[in-house]
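Worksheet: the structure to be examined is printed underneath.
Quick note: the coordinates plus some simple rules give every number you see, no bench work behind them. Every value quoted in this text rests on a predicted model; they were computed, and no experiment measured them. Methodologically, a virtual Cβ is constructed for each residue, glycine included, from the backbone with ideal geometry; neighbour enumeration extends over all protein chains shown.
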Amino acid sequence: MVISTEGLSFNFGNQQVVRSLSLQVPEGSIYGFLGPNGAGKTTTIKLLLNLLKTDQGSIHIFNKELQSNRISILSQIGSLIEQPAIYLHLSGRENLLNRALLLQVSEKRVDEMLELVHLTGAAHKKAGKYSLGMKQRLGIALALLSDPKLLILDEPTNGLDPNGIIEVRELLIRLVTQHKKTVFVSSHLLAEIERMATHVGIIHRGEMLFQGSIKDLETISQPQVQVELDSTVDAANLLKKRGYLVTDVNDNHLSVPFMSKEQMGEINSLLNQNEYTVYSIRKVHKDLEKLFLDITQKV
Amino acid sequence: MKGFLLSFRSEFYKTRKTMGFWSAVLLPLAICLLLFMGFFNKSDHLANIPGFMAWLQFAGAILAVMGSLLLPMLIVFIAYSVNSIEHKAETWKSLFSLPIAKLSIYSAKYFYALFLVFLCLALFVLFTVGFGNFLSMLKPSLKFNEYHIEKLLAQIYFKLFLASLGILSIQFLLSLLFRDFLKPMGIGFVATIAGVIFANVNWQYAYLYPYSHPMLTIKGLVNSKMNNSPTMPQITVDIFTKDIFVSLTVAVAVFILGYFIVLRKSVK
């Protein structure tokens, strides 16, 4: 495991923002850390970077205890927390050069990073004049500058346009597949994580509600039988009378939890016998967006 | 040590285009230039007074305000500017997640502020001596060239530098803790006014109060021993007085206290 925490808790005054969190981030993964705003994602990231003192629990990164190996661990991490930390009176390149000075990285690497995030053209422009997306890209370049083994990115696609989002996503996938990095990325948007993550952790009110591979997440989503027909409301009432649980009704279709193939056949015949024309009937997986909402709203 | 040096260089790199840095250079230049122009225009009044007296008037004009307001306010500003660069850019979090010891980052910042105060005071000496000698070149009736004030002036400014360290540590810590300028500025201003009053009314415990130290240094000069040679009078500056020891003690104590506050502080 690249990151492993046990019983991690943190309070801001009386308010507990992180509750007994056990993160398990495997090497070579893109770990999507999902949760609504205010769930405790940024606080967790700050704990991982030793910016906040852990109240309870332990953090191991690269199998070393964080507190006692702070500098050697941090030297292998690149991070971007909330909005990128950029000196607005310096140009994009100067921001990178300043960081390169602190990390003792060559000037050549600075230019490579500018190239990578497509900021070469704006390298000499003051960062204060950058658009939000450009700042975000500069933030990513700063995080990548030391060629770290582990990248910790807090909402890296915030403020990016669709092209920018795709670029960041492809960059992260490339870093993991080609350069053997591990990426820990937080987001409140499931769709974004779904497209790139190999592993997911879902946090809500400081508590981990789900953790596992993206496949595990798909399998816990209960399949549904979706029936497409006219007069869905009447048909739903009929099914309810016959003891079926109808989970969703709209103008085009209704949904019933999937039990077996036989049960699907029974529903079909029942509707046919009652003179409803069934246009289609099929087994569907609940989409992850809905699952995410279900998981976070149940609490 | 390496982390400290890298951080110190980075401090210079970051601030080299800001007013925080340039004010330390431009302030002595502007004040000495103004004084130069004043003396140049009024040279008839000052013609043929002995060199020592001319220097006293020239350097004394700056030193008079230096102790009361100029130096403490300059320190307030420098301590603020060194920290505000991180507050404004929200870079504390990225600074403290670098693989560099927190002590190195904190002390590099402190010593950079210290360096700026030193630079500013050193330039005051340089520009005072430079413009004085330049005056006597342009107006030979001004006898600046007859007396060498360099050593005395360097001693006075060095003592002022030591006297300012207590204030610097306090203001540095305040600027580190508070984002906005008004809090450290307001506290610094009120504390300075109080310091000047304590020193001027000869309060017996004024030497214990850091914001009185620059003023006490200037007041001390007036009372210092002077030999009465009419051509080459000498003032002896007693650098290590008890107020200077208090200033250094406060500086070290608050610096250490600040470090522990930084260690415990949550990085926003």
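Mind jotting down the distance between the C-alpha centroids of the stretch A:23-97 and the stretch B:184-217, whole Å?
First find each Cα centre; the distance between them is then 44 Å.
Listed highest first by mean packing, meaning other Cβ atoms within 10 Å per residue, what order do B:59-69, A:208-218 come in?
Most protected by this proxy first, the peptides run B:59-69, A:208-218.
Averaged across B:98-109, how many Cβ atoms of other chains sit within 10 Å of each residue's Cβ atom?
3
5 Å is the cut-off here: which amide hydrogens, built 1.01 Å from N in the peptide plane, fall below it relative to A:His204, excluding neighbours closer than 5 in sequence?
For A:His204, whose amide H was placed from the backbone, the distant partners under 5 Å are A:Leu209.
Using alpha-carbon pairs under 8 Å, 6+ residues apart, how would you state the relative contact order of the stretch B:30-162 in percent?
On the way: 86 pairs, mean separation 60.7, N = 133.
So the answer I get is 46 percent.
Counting other beta carbons within 10 Å of each Cβ, put A:Val183, A:Val256 in order, fewest first.
Placing the least packed residue first, the sequence is A:Val256, A:Val183.
Can you give the mean number of other chain Cβ atoms that lie within 10 Å of the Cβ atoms in peptide B:85-96? Walk me through the intermediate numbers first.
Numbers: counts 4, 2, 0, 3, 10, 6, 6, 2, 9, 13, 3, 5.
Mean number of neighbouring Cβ atoms from other chains: 5.
Give the cross-link partners of B:Lys159 among the aspartates and glutamates, using a straight C-alpha distance below 12 Å as the criterion and excluding same-chain residues fewer than 8 apart.
B:Asp238, B:Asp243
FRET efficiency for A:Asp147 and B:Phe181, Cβ-Cβ distance as r, R0 = 35 Å, nearest 0.05?
0.35
What's the average, rounded to a whole number, of partner chain beta-carbon atoms within 10 Å of each residue's beta-carbon in A:51-64?
Working: counts 9, 4, 4, 0, 0, 0, 0, 0, 0, 0, 0, 0, 0, 0.
For this peptide, the per-residue mean of nearby foreign Cβ atoms is 1.
Set the Förster radius R0 to 56 Å, insert the Cβ-Cβ distance between A:Gln104 and B:Leu34 as r into 1/(1 + (r/R0)^6), and round the FRET efficiency to 0.05. Write down the numbers at each step before the final one.
Details: r = 44 Å, r/R0 = 0.79.
Efficiency at R0 = 56 Å is approximately 0.80.
In chain A, what percentage of the DSSP-assigned beta bridges are antiparallel, given to the nearest 5?
Numbers: 34 of 52 bridges.
Roughly 65 percent of the beta bridges in chain A run antiparallel, per DSSP.
Of A:Lys53/A:Lys181; A:Lys46/B:Lys93; A:Lys129/B:Lys17; A:Lys215/A:Lys290; A:Lys46/B:Lys265; A:Lys135/B:Lys93, which pairs sit farther than 18 Å apart, going by alpha carbon to alpha carbon?
Values: A:Lys53/A:Lys181 26 Å; A:Lys46/B:Lys93 8 Å; A:Lys129/B:Lys17 16 Å; A:Lys215/A:Lys290 16 Å; A:Lys46/B:Lys265 13 Å; A:Lys135/B:Lys93 16 Å.
From A:Lys53/A:Lys181; A:Lys46/B:Lys93; A:Lys129/B:Lys17; A:Lys215/A:Lys290; A:Lys46/B:Lys265; A:Lys135/B:Lys93, over 18 Å: A:Lys53/A:Lys181.
May I ask you to list the lysines whose Cα is less than 16 Å away from that of A:Lys64, ignoring any residue fewer than eight positions away on the same chain?
Reachable lysines: A:Lys149.
Expressed as a rounded percentage, what relative contact order does the stretch A:185-299 have, with Cα pairs under 8 Å and six or more residues apart?
Numbers: 149 pairs, mean separation 33.1, N = 115.
The value is 29 percent.
Going by average Cβ density within 10 Å per residue, which order do the peptides A:192-203, A:58-69 take, highest to lowest? Don't skip to the end; give the middle numbers.
Working: A:192-203: 21.3, A:58-69: 15.6.
For the peptides A:192-203, A:58-69, the packing ranking is A:192-203, A:58-69.
Just to be sure I understand the model, the point goes 7 Å from the Cα along the line to the Cβ. What's the resulting A:Asn14 to B:Leu138 distance in nm?
Distance between label points: 6.9 nm.
Using Cα atoms only, what is the angle between the long axis of helix B:51-65 and the major principal axis of chain B, expressed in degrees (0 to 90) to the nearest 10?
30 degrees
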